[in-house]
Structures are given as C-alpha cells and as structure tokens.
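What follows is a set of notes on a single structure, which appears directly below.
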Ligand code: KIV
Ligand code: ZN
C-alpha cells in the first residue's frame with residue numbers, strides 16, 4: 001500500500017475533547033491518555049492549547065517530552081504570542097507540530113474577528129511564516145470552513161501553503177455539513193488550489209447533526225488524507241468525529257474506500273475506557289465499536305447465526321478492537337516481578353521504584369479481597385497510585401457507613417485536612433449523600449455536584465467500582481475519580497480527589513475566543 005493511500009490519524013481528545021464542558025483533565029491524566037494514544041499508534045496527538053493556561057502549557061510540554069513515536073501538536077491562534085508559547089512547549093519534542101488557525105467564514109470574520117477578508121489572509125500568512133520559523137511542521141486551519149466561501153478558501157489556503165503550511169485543515173466547526181456536499185467541497189479545493197499537492201488536506205468535523213464520521217469519510221473519498229478525531233467522539237457540544245468509528249470504517253470497508261491507517265486496533269477499547277474513566281463521560285451501551293452492546297447478540301436467530309458462522313451478523317471481530325482480552329493475569333500469590341512485567345505489557349510506565357512499590361502494595365491489598373485480578377483492575381490501581389503523586393490537601397483515613405431500611409443512612413469519617421486529622425458525621429438521604437455531606441462539613445468547598453457516576457470495572461459482583469465525581473465552583477469544573485471494591489469507599493475517594501484538584505487549579509482561555 002502506498003503512502004498516498006494512508007490516512008493520517010490526528011487525535012484531538014486532549015484539546016478539542018477537553019473543551020467538552022466538564023471534561024477537564026490534569027497533567028497526569030493527559031499524560032496517561034497520551035501514552036494510550038501512542039500505544040494505539042496515533043500519528044499526531046494534539047496535546048493542548050499551550051497559551052490557554054500554565055496547566056495546559058505544562059501538559060503539552062510534558063507530553064512533548066515523553067512521547068516518542070507520535071508527533072505532538074499544540075494549537076495556537078494566528079497571533080505571535082500563541083505561536084511562541086506553542087513552540088516553547090514543543091521545544092523538546094521528538095517530532096512537534098504547531099497548529100495555527102483563523103476563522104474564514106463571513107459570519108466569523110464580520111462578527112467575531114471584526115476583520116476584512118484581506119486582513120484575515122494577511123494575518124494567516126504572517127502566522128504560518130512565524131510558526132515555520134519556529135517549527136518545521138506547521139498545520140493551518142480555516143476555522144468554520146464548512147460555512148466559508150469556496151473562492152475565499154482557495155485564496156487563503158494557496159497563500160498559507162506558499163507561506164509554509166504542510167497540512168491544511170478544513171474544519172466543519174459547527175457541524176453544519178452534509179456528507180456529499182462536504183466531500184464535493186474537499187474535491188473542489190484539491191482541484192482548484194494550484195499548490196494543493198504541496199500539502200496534506202485534513203478534515204475536522206463536529207457532530208451537531210450526528211454526521212461527523214460520515215462527513216469525514218466523504219472527505220477521505222474526495223482525497224483528504226488526515227482525519228482529526230477524538231476517542232469516544234468527545235468534544236465541544238455534540239462532540240467530534242469518533243476515532244474508533246473512523247478507523248474501523250476505513251479498516252472494515254477497505255474494499256470500498258481503498259485507504260488504510262496505522263492504528264493498532266486491539267488497543268481501541270482500552271483507550272476508550274481510559275478516556276471515559278478520566279473524564280466521567282460514560283459510553284452509551286449501543287455506541288459503535290466501544291459500547292457494551294456493540295458485539296452482543298440478543299435475538300436467538302442472531303445468536304444461532306453467529307455460533308454457526310461469526311460473519312453472519314458481525315462485520316468485524318470483537319477481538320480486533322480489544323474486546324474479550326480480559327485475562328486473570330495475577331493473583332494473591334503473584335510477586336513483584338510478575339506485577340512489573342504485566343504493567344510493562346500493558347504499556348504502563350510508573351515514575352520510579354517508589355511508585356511501583358505503592359502500586360504493588362495496593363495490588364496485594366486488592367488481591368486479598370478479590371479473587372481474580374484483571375487488566376482493568378491493574379489500570380485502575382495504577383491510576384490511583386499516579387493520582388497520589390499529586391498534592392493532597394484532603395486524605396481519607398477511614399470511613400464507616402450505617403444504612404438500614406427505615407432509617408436515614410449515616411456516615412462517619414476520618415480525614416486529614418492539610419495534615420491535621422479531623423472527623424465528621426452526617427446523615428443523608430442515601431449513603432453516598434451522607435458521605436458527601438460529612439466530607440463537606442470539613443472541607444466547606446461549597447462546590448456544586450454536577451455528576452456522580454459508578455461503573456463496574458470488570459465482570460462479577462466482586463468487581464471494583466470506579467466512581468467519577470464532577471464538581472463545579474465559579475465556572476471551574478473538575479472530575480475526581482476513585483476505585484475500590486467497596487463503592488462507598490470509591491465514592492469518598494472520588495469526592496476527595498475532586499476537592500484536591502479544585503484546590504490546585506487555575507483558569508484557562510478558550511481557543512475560539514475572539515481576542516486575536
Ligand atoms: O472546530 C474547529 O474549528 C477547531 C479548530 C480550532 C481546528 O477546533
Ligand atoms: Zn473543533
């Protein structure tokens with residue numbers, strides 16, 4: 001297969017995905033997702049928007065320093081300060097890319113930018129040249145291209161390629177396009193722009209009409225060779241095109257599309273679960289590829305057909321995207337070496353020996369309570385060990401909950417608050433409510449609880465429960481996570497984790513802000 005038949009997969013879970021209200025992630029969480037994306041063999045990881053906040057800058061920098069096999073990219077508006085900050089964050093990348101953008105639709109130019117089309121072209125050219133002076137790999141995006149005039153797009157893209165952009169992205173920023181029309185638009189741009197052969201054409205589709213994947217595939221048929229997407233379709237409003245759907249459509253319908261990607265598809269499910277666990281955005285059961293029912297056959301006729309010949313009702317195998325790889329990998333008699341080896345096989349790297357020891361101690365404690373330890377258990381346990389590296393203002397020491405029919409549940413807990421042990425008791429309408437009230441009586445955060453979700457990590461009634469708690473205060477949103485066999489303990493840990501993140505946080509800017 002030649003390289004012109006390869007579709008570059010550009011993942012923007014850590015940037016556009018994070019713009020989903022409530023999906024903010026810490027640096028450590030972003031690093032974990034970046035490693036999962038590298039393992040998936042994603043070509044380009046958009047790690048963030050470096051100028052948005054000191055936290056975003058640090059996250060892009062850390063990812064640029066630790067990822068070796070994927071290109072690491074930072075977003076930058078078409079202004080010097082953004083581009084310089086992106087270059088600074090990417091300075092130590094093995095392979096870095098600056099992604100600069102400006103809006104090109106009449107409505108954005110007139111009302112948001114308050115600029116004339118000539119000024120927009122001039123600014124785009126200046127930005128691309130500036131970025132090329134700092135980084136060899138530059139991508140230029142025409143924001144709201146889906147509602148831009150084709151003649152203007154031809155003009156600005158030709159100028160951006162002349163200025164040094166090697167990837168040209170045509171975003172459907174507001175999810176307005178329809179597949180045949182969007183495909184035709186990409187085809188026209190490729191045919192009409194005289195220097196189009198000097199750049200890779202990319203698409204970036206939002207899902208407001210539920211057409212992000214269909215539009216991206218129509219663009220690939222028309223000649224686009226980079227698709228921007230996110231794990232689980234996470235992203236602004238209705239989200240972005242889902243990576244797993246794009247990749248599996250390209251793989252499954254190679255007969256029709258004639259292109260391929262480099263993605264190592266058996267790692268898809270693990271990446272999906274990681275993103276869902278960290279952000280607290282559950283995956284709906286009927287979601288293509290990664291939903292719990294995506295490969296479940298309920299009707300007798302279907303079950304009979306699959307048993308006789310799998311392909312009667314399955315167009316791809318569950319294993320090809322990572323289902324049914326659950327293994328009882330370790331047990332209570334497993335040693336440190338076996339534990340370390342399995343983590344390495346799962347692509348999990350711990351910071352140092354101390355982190356390994358902490359994770360191993362947790363593993364032993366878990367193995368005492370739970371007979372079978374699955375890969376997902378290991379992932380949750382290591383996440384917690386990594387979270388512990390973050391500063392902890394609040395720490396749970398013990399928890400006791402009494403819940404009996406006909407009486408209000410009561411929680412009693414011992415917390416350390418800035419190093420001092422304190423205890424609290426509270427009643428609530430349910431046991432979780434009682435726990436959160438007891439914690440709040442000590443923390444007094446006055447944050448609003450926006451989401452509380454519990455998921456079983458593995459099969460079986462002895463599964464660990466993974467809890468996500470989303471807290472909001474003065475517009476700032478954080479997601480806390482906790483895992484434990486006892487879901488009440490997991491709930492307390494998740495609430496405390498969210499409080500610790502809130503304690504450490506700083507505000508950030510939004511890339512689509514008009515202050516260009
Ligand atoms: O949707 C969009 O237009 C974007 C750009 C910044 C690429 O996310
Ligand atoms: Zn976008």
Completion exercise
Rounded to the nearest 5, the percent of DSSP beta bridges in the chain running antiparallel is 50 percent
Problem - Cα centroid separation, the range 445-506 to the range 81-141 (Å) - result: 37 Å
Exercise for the section: Could you rank the peptides 121-133, 411-423 by their average count of other C-beta atoms within 10 Å per residue, with the highest value first? Expected result: 121-133, 411-423
Practice task
Give the calculated FRET efficiency between residue 314 and residue 116 to the nearest 0.05, with a Förster radius of 51 Å applied to their Cβ-Cβ distance.
Solution key: 0.40
Exercise for the section: Write down, largest first, the equivalent ellipsoid semi-axes of the range 10-131 in whole Å, where each equals the square root of 5 times an eigenvalue of the alpha-carbon gyration tensor. Expected result: 27, 15, 12
Problem - Shape category assigned to the range 357-516 from the gyration tensor of Cα positions, a/c cut at 1.5 - result: oblate
Exercise for the section: Inverting the mean 1/r over all pairs of different Cα atoms, compute the Kirkwood radius of the chain and quote it in Å. Expected result: 24.3 Å
Problem - Helix axis angle, 54-66 relative to the chain longest principal axis, alpha carbon, degrees - result: 80 degrees
Practice task
Sum -39500 (n - 2.57) across every DSSP H segment of at least 4 residues in the chain, then divide by the residue count to get the 222 nm mean residue ellipticity, nearest 500.
Solution key: -12000 deg cm²/dmol
Exercise for the section: Can you tell me how much longer the chain between residue 397 and residue 425 gets when fully stretched, taken as 0.36 nm per residue apart minus their C-alpha distance, in nm with one decimal? Expected result: 8.7 nm
Practice task
For the range 349-499, calculate the relative contact order in percent as a whole number, restricting contacts to Cα pairs under 8 Å that are 6 or more residues apart.
Solution key: 16 percent
Practice task
Just subtract the alpha-carbon distance of residue 302 and residue 181 from 0.36 nm times their residue separation and send over the number in nm, one decimal.
Solution key: 39.9 nm
Handout entry: Gyration tensor verdict on the range 196-317 (Cα atoms; rounded if a/c is under 1.5, prolate if a/b is larger than b/c, oblate otherwise)
Key = oblate
Problem - Alpha carbon centroid spacing (whole Å) that separates the range 230-288 from the range 172-211 - result: 20 Å
Handout entry: Inter-label distance, nm, simple model (7 Å from Cα along the C-beta direction), residue 6/residue 192
Key = 3.1 nm
Completion exercise
Put in order of increasing Cβ neighbours within 10 Å, starting from the fewest, 69, 82 give 69, 82
Practice task
State, to one decimal in nm, how far the label point of residue 238 lies from the label point of residue 66, with both points 7 Å from Cα in the Cβ direction.
Solution key: 3.5 nm
Exercise for the section: Could you state the angle between the C-alpha long axis of helix 117-134 and the longest principal axis of the C-alpha atoms of the chain, as a value from 0 to 90 degrees rounded to the nearest 10? Expected result: 60 degrees
Practice task
Measure nothing fancy, just the Cα-based angle from helix 179-192's long axis to the longest principal axis of the chain, in degrees from 0 to 90, nearest 10.
Solution key: 50 degrees
Handout entry: the range 137-245, relative contact order in percent, only Cα pairs under 8 angstrom and at least six apart counted
Key = 25 percent
Completion exercise
The FRET efficiency for residue 446 and residue 340, from their Cβ-Cβ distance with R0 = 60 Å and rounded to 0.05, is 0.90
Practice task
Report the residues of the range 459-474 in range of a label on residue 485: point 7 Å along Cα→C-beta, backbone N strictly under 17 Å from it.
Solution key: 459-467
Handout entry: Where labels lie 7 Å past Cα in the beta-carbon direction, separation of residue 352 and residue 512 in nm
Key = 4.3 nm
Fill in the blank from the handout: Scoring the chain by relative contact order with C-alpha pairs under 8 Å, at least six apart, yields a percentage of 12 percent
Practice task
Please find the FRET efficiency linking residue 404 to residue 368, where r is the Cβ-Cβ separation and R0 is fixed at 22 Å, and quote it to the nearest 0.05.
Solution key: 0.20
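Every read-out reported here was derived from the displayed coordinates using simple, explicitly stated rules and does not represent laboratory data. Since we're looking at a predicted model, the values are computed, not measured. Counting neighbours? That spans all protein chains shown, and the Cβs are built from the backbone with ideal geometry, glycine included.
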